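Notes for the one structure printed next.
The values are calculated or read from the model by the stated rules, or taken from the named source; none is laboratory data. Worth saying up front: this structure is predicted, and the values here are computed from it rather than measured. Cβ coordinates were reconstructed from backbone atoms using ideal geometry, including for glycine residues, and neighbour counts include every protein chain displayed. These area figures cover heavy atoms from the full protein model, side chains too; ligands, DNA and RNA do not enter into them. Shrake-Rupley method; radii C 1.70, N 1.55, O 1.52, S 1.80 Å.
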Amino acid sequence: MKINTWFGTLETDRVGEILESKLFSKDIRKLALHSLSLRESRSNLPPEGFDLKAAAIKCGFAESPAEYYFLLHEVTLEAAKLQVSSAITPDQRIIQAVEALDDINETTNALSERLSEWYGGYFPESELGGEDLALFIVKYGSRENVSSEDPLYLKARNSMGAKLEPADEALLKGFAESVLSLYERRQQIEAYIENSMEQVAPNLKHIAGPMLGARLISLAGSLEKLAEFPSSTIQVIGASKALFKHLRARAPSPKHGIIYSHPLVNTAPWWLRGKVARAVASKLSLAARIDFYSGEKDPSLMEKLEAKVLQIRTLNPRPPQKKQESGVKLKKRRRK
Amino acid sequence: MPEVKKLSDGIFEVVKDKKQLATKNLDPGKAVYREKLIPVQGTEYRTWDPRRSKLGAMVLKKFNINLKENSKVLYLGAASGTTVSHVSDIVSEGAVYAVEFAPRSMRDLIRLASRRKNIHPILADAGKPDSYSHLVEPVDLIFQDVAQPNQAEIATRNAIRFLKRDGYLLLSIKARSIDTAANPKEVFKAEVKKLEQAFEPGFEILNAKDLKPYHEDHLGVLAKLR
Ligand SMILES: C[S@@+](CC[C@H](N)C(=O)[O-])C[C@H]1O[C@@H](n2cnc3c(N)ncnc32)[C@H](O)[C@@H]1O
């Protein structure tokens, strides 16, 4: 009877004596790959209670139990590593990147505000913020150093801000450098997402844009789940707060989740946003499915969507009369 | 100086401020989770928190866990290795086959195993022992903590394949993963019955106790092949 083991293939007789053995070389990586290939095999399994270690020593694969365990340890470890690294699928990497981006954004905003608050005491007239302010501080430090070619030169000279002492200047510059590097990191992650989306979900990227597409995958949990969602769900993904309110208090159902940020939706006149969002969601759903199941890019998807939106717009050029629009809806909206 | 009392092979009670369950650290100087390291006369002990480990709780509830220095253990549901690390301490000259199916947990387990030569990590579904039968030798003890509805079945399949005739099965049964609404006592009774009648000749139940106060709604079971 033939037996597959992690160290080789054995031929045994009825009582389990080894008649013949074909041993693998002691190459850890090859042994690990071979071990993984045996996971699904249904035939030639070792019989119940078969002593693998004794067999390995008997047929000369290992000289001693110690050597057997040493090799087994290396092989199981290598195999597990291979499995774990392949368990991170490309869409999971995108999700990690999206989450990192959100964290970075939050931190960057908080630190930028701190910087602007702090530097505001020394140059309140600059009107700079965010990355521009950080760049400015890294470049000049005190407003006294602003060069005459700089558009802010006059404002800096006539500023009513306090004088920046060297110790504070050093501190502020260092802080601004940190903020700046966060902005750089953000760009790097955005470029990564854009690039990965093109490979993982080109149709979704085309319809939604890279960031919105990545966020949809992230909120759904995976490209597979997104592909399984009905388009009515895609329409409200990310609107969970509004959605729960709707379920609990019978507030009007939310028309749009994060797809509200889609250019076709947020440029639509208010009375068409629901309709447009529905059209966009249905194409996003289709795009996710094509990406998940075939992966081929279909440029006609976007054309069809644009045509559909144009049709919606031409059919409904004017806002509806507000007669039977229920009062509830308006009140809710105002309260937000 | 802390006082050390041996409870059974490889398992100790260290008294420092209070009584604490402990094992000898196989990887001196390194803690695995947030356990304490207590050196006593050239030997380092790692405290073993029964609230974080079903097996630790079983030891304190006087289950005979039947482990020796050179025992071979099949551990099903290894998670990130909290308890596995103590088993690895106990069977310092033996082997722990640590099966876990969640890649996230396996990452931690790999880190642990790369420092401890007697842990052999296996990313697989414990419900499919055929998928690792090419790796695992006959073992002296199967410990299982998977918190799955079909835990009795998983234990049975693995025991048939890997448990030595004179080996033991130690099981942690979680009532709520089987039936969230039912009375835990009823669930436990049904699970024990399953083990006794699962197959011919079936298991003989040597001990079955709940794991209070360390774990709520958990039953510990010690069994051997009939
Ligand atoms: C309660 S935790 C185990 C905790 C661990 N025994 C300890 O004390 O450190 C249960 C673990 O079993 C794993 N698990 C559940 N079903 C499994 C299966 N069929 N095969 C392998 N692992 C499984 C889960 O992923 C989880 O990590």
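Just a few scattered comments:
- Filtered residues of region B:52-87 (kept if away from the ligand (no atom under 12 Å from the Cβ) and either touching a Pro at 6+ places or on another chain (Cβ under 6 Å) or within 12 Å of chain A (Cβ to nearest Cβ) (or both)): B:LEU60, B:ASN70, B:LYS72
- Within region B:107-122, the only residue that satisfies the criterion of being within 12 Å of the ligand (Cβ to nearest atom) and β-branched (Val, Ile, Thr) is B:ILE122.
- Extreme residue, modelled with the lowest pLDDT, among residues of region A:42-60 that are outside any helix (DSSP H, G or I) and within 8 Å of chain B (Cβ to nearest Cβ): A:ARG42
- In region B:34-51, the qualifying residues are those that are under 26 Å from B:VAL146 (Cα atoms) and in contact with a Lys or Arg (Cβ under 7 Å, 6 or more places away or on another chain), and the one that is nearest to the ligand (Cβ to nearest atom) is B:GLU35.
- If you check A:ILE137, A:ILE95 for being in a helix (DSSP H, G or I), out of contact with any Pro (no Cβ under 8 Å at 6 or more places or on another chain) and within 14 Å of chain B (Cβ to nearest Cβ), only one passes: A:ILE95.
- When A:GLN187, A:GLN199 are checked against the criterion of being part of a helix (DSSP H, G or I), open to solvent by 60 Å² or more (accessible area, probe 1.4 Å) and touching a helix residue (DSSP H, G or I) at 6+ places or on another chain (Cβ under 9 Å), a single residue qualifies: A:GLN199.
- Residues of region B:194-216 that are open to solvent by 40 Å² or more (accessible area, probe 1.4 Å), modelled with pLDDT under 90 and either out of contact with any Lys or Arg (no Cβ under 8 Å at 6 or more places or on another chain) or over 23 Å from B:ASN66 (Cβ atoms) (or both): B:LYS194, B:GLU196, B:GLN197, B:ALA198, B:GLU200.
- Given (1) over 15 Å from the mean Cα position of the chain (by Cα); (2) more than 11 Å from chain A (Cβ to nearest Cβ); (3) more than 9 Å from the ligand (Cβ to nearest atom); (4) of a type outside the set (D, E, K, R), number of the condition B:TYR132 does not satisfy: (2)
- Among the numbered conditions (1) more than 9 Å from the ligand (Cβ to nearest atom); (2) open to solvent by 10 Å² or more (accessible area, probe 1.4 Å); (3) modelled with pLDDT of 95 or more, the only one that B:ASP145 does not meet is (1).
- The residues on offer are A:LYS225, A:LYS173, and the sole one that is under 14 Å from A:PHE136 (Cα atoms), of a type in the set (Lys, Arg), part of a helix (DSSP H, G or I) and free of Cβ contacts under 8 Å to residues at least 40 places away in the same chain is A:LYS173.
- Out of B:PRO39, B:PRO28, B:PRO121, B:PRO103, sole residue that is touching a strand residue (DSSP E or B) at 6+ places or on another chain (Cβ under 8 Å), within 14 Å of chain A (Cβ to nearest Cβ) and free of Cβ contacts under 8 Å to residues at least 24 places away in the same chain: B:PRO103
- Among residues of region A:150-168, those that are assigned to a helix (DSSP H, G or I) and surrounded by fewer than 18 Cβ atoms within 10 Å (Cβ to Cβ), counted: 7
- Test: residue in region B:217-224 that is free of Cβ contacts under 8 Å to residues at least 24 places away in the same chain and within 16 Å of the ligand (Cβ to nearest atom): no
- Those residues of region B:148-162 which are near the ligand (Cβ under 8 Å from one of its atoms) and part of a helix (DSSP H, G or I), in sequence order: B:ILE154
- Total residues in region B:107-144 satisfying the condition of being in a loop (DSSP other than H, G, I, E, B) and of a type in the set (Val, Ile, Thr): the figure is 1.
- As a summary of the residue check, A:ALA277 satisfies the conditions (1) at pLDDT below 90; (2) open to solvent by less than 20 Å² (accessible area, probe 1.4 Å); (3) of a type in the set (Gly, Ala, Ser) except for the one numbered (1).
- Screening B:LYS16 on (1) open to solvent by 10 Å² or more (accessible area, probe 1.4 Å); (2) basic (Lys, Arg); (3) within 15 Å of the ligand (Cβ to nearest atom) shows it passes everything except condition (3).
- Residues (more than 9 Å from the ligand (Cβ to nearest atom) and either assigned to a loop (DSSP other than H, G, I, E, B) or surrounded by fewer than 20 Cβ atoms within 10 Å (Cβ to Cβ) (or both)) located in region B:88-106: B:VAL91, B:SER92, B:GLU93, B:GLY94, B:PRO103
- Residue that is farthest from the other protein chains (Cβ to nearest Cβ), among those in region A:61-88 that are at pLDDT 95 or above and outside any helix (DSSP H, G or I): A:GLU63
- Residue check, B:VAL139 in contact with a strand residue (DSSP E or B) (Cβ under 9 Å, 6 or more places away or on another chain), within 14 Å of the ligand (Cβ to nearest atom) and β-branched (Val, Ile, Thr): no
- Members of region B:1-13 that are under 20 Å from B:ARG116 (Cα atoms), of a type in the set (Val, Ile, Thr) and open to solvent by 30 Å² or more (accessible area, probe 1.4 Å): none
- Here is the figure for region A:34-46: residues that are in contact with a helix residue (DSSP H, G or I) (Cβ under 9 Å, 6 or more places away or on another chain) and surrounded by fewer than 15 Cβ atoms within 10 Å (Cβ to Cβ) total 3.
- Selection from region B:109-118 of residues that are among the aliphatic types (A, V, I, L, M) and either within 9 Å of chain A (Cβ to nearest Cβ) or surrounded by fewer than 19 Cβ atoms within 10 Å (Cβ to Cβ) (or both): B:LEU109, B:ILE110, B:ALA113
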